[in-house]
1. Going by average Cβ neighbours within 10 Å, how do the peptides 167-178, 204-215, 246-257 rank, with the highest at the top?
2. Write down the Å³ per residue value for the convex hull defined by the alpha carbon atoms of the chain.
3. Quick one: work out the % antiparallel among DSSP beta bridges in the stretch 207-286, nearest 5.
4. With every protein chain kept in place and ligands, DNA and RNA left out, what is the accessible area per residue of the stretch 250-324? Probe 1.4 Å, answer in Å².
5. Grab the beta carbon distance between Ala208 and Leu400, set R0 = 60 Å, and tell me the FRET efficiency rounded to 0.05.
6. What residues from the stretch 105-137 fall in the zone where the backbone N is under 13 Å from a label point 7 Å along the Cα-to-C-beta line of Glu155?
7. Multiplying the sequence separation of Lys369 and Thr327 by 0.36 nm and subtracting their Cα-Cα distance, what value in nm do you get?
8. Placing unit charges on C-beta atoms (Lys and Arg positive, Asp and Glu negative, everything else neutral), compute the dipole magnitude of the chain about its Cα centre in debye, rounded to 20.
Amino acid sequence: MPLLALMMALILSTSCGGLKSFDLAPLTKKRTIASTPVQPLLLEDEESFTAEINDKLKSLHIYHVIAQKNLLQFDDFIADKSLDELYEAGPYLQILAVKTQVEEIERDLAALYEATRVKENVEHKIIQSRIRDFSQRNKLTALSLSNLSQRLGIEALEITDPNFKSLEKEYNDLHASKEFQIYEKNIEHLSHLMEMKIRSENKRFKPASGDQGNITGDEFPAKVWSLTFDNGPDEKITDAILNNLKSRKLQATFFQLSSNSEKLLNTAQALIAAGMEIGSNSHSYRDLAKAGEMRLEKEISASTGSLEKSLKIDIQFFRLPFGSGVTIPSIRQTIARNNLIHVIWNIDSLDWMAQSPDRIVQRTKKLMKKTARDSGIILFHDVHDRSIEASKEIMDYLMLDGRRTCTIGKIVKDMNEGYETVCLKK
């Protein structure tokens, strides 16, 4: 069995100054880009608040430019490298490193947006106007702010995939600043810390801190696949994906955030009623490699208990946010102690990045063809509009050439019980 590069051992957070490449507002002081507390920021004067928002938007853009540049390289590598080589290579690890930083900044902005929403005060209007103005600067800034705009319910510009020339020009323009070079070095550093390997040779799985307690998809028999969706539920997107699954008589596993599921209980219950499987994706999607014991209990134990209580089901599977901490003993022991098996993936659609659905589909198919037995676990997210169409195309692809698609639970049960044919349709 080949080794799978899983990534994410220990991820460090970062603080950087604002970029000067986009002169949206003069910087009056040094600021923390990631994880800025909401309340102190709301107490700042209007000029300082505007500058803070500008800093965060510029940070998002620079991280996305770095990610888009690596995505082009990753896609170019697919033809010549094995899956293991692809997931061990710098471009993929840097994309994942960017995701951890982007998530922190978007979470901060979402918290600010929510805190100012009720009274529609001046800060709320500042956030809206700065996002709109920044996203309209060019096609690449529109891409960078696409996820955030959707998250906040702000109308975003149409997404178009960047060509190499325009991306290279933007990258070179930004690279002239020292601030950009700090960001890039930070991502390079984070990506080195994310590389790891886990051998998955056991055919039977159970809650454990060792190999038997971690599923990658590499272990699955020929032609056996599982579709998985992270970060949800989302009322609109999850419902659309569910309808696509139902119309094709397919089942999938949805790794949900308990914080989202609590708000959208009807959506989560609709998944269960349709025969889908629910796994835990933590409470709030934070990097657990940096978490202490109390945070682990909240994000793993309490979140799983919350899902089980509200949905009246038993949760069997857990997926770490970003896959971060999969080899840290305390984290794996906490997962196992809660009678959970950890599930990673061997096919990453990278649908979290703003791009066209067609680009996601073509990449996913190419990666699937790289697997040893045409089998494994596919990662999507049911929180992005583009994932609806992209996952639908992959659903149709999974129905061709004798492939079989089941939930993680069905596949694990069949493998553990030694069925001759795993994921057999009744």
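1. Per-residue Cβ counts within 10 Å, averaged per peptide and sorted highest first, yield 246-257, 204-215, 167-178.
2. It comes to 133 Å³ per residue, whole-number rounded.
3. 0
4. Ligands and nucleic acids excluded, the figure is 38 Å² per residue.
5. 0.95
6. Hits in the stretch 105-137 for Glu155 at 13 Å: 132.
7. 12.4 nm
8. 860
The values are calculated or read from the model by the stated rules, or taken from the named source; none is laboratory data. Model, not experiment: these values are computed from the prediction. So basically every Cβ, Gly included, is an ideal-geometry build from the backbone, and we count neighbours across all protein chains shown. Just the protein is used for accessible areas: all its heavy atoms, side chains included, with ligands, DNA and RNA removed. Shrake-Rupley method; radii C 1.70, N 1.55, O 1.52, S 1.80 Å.
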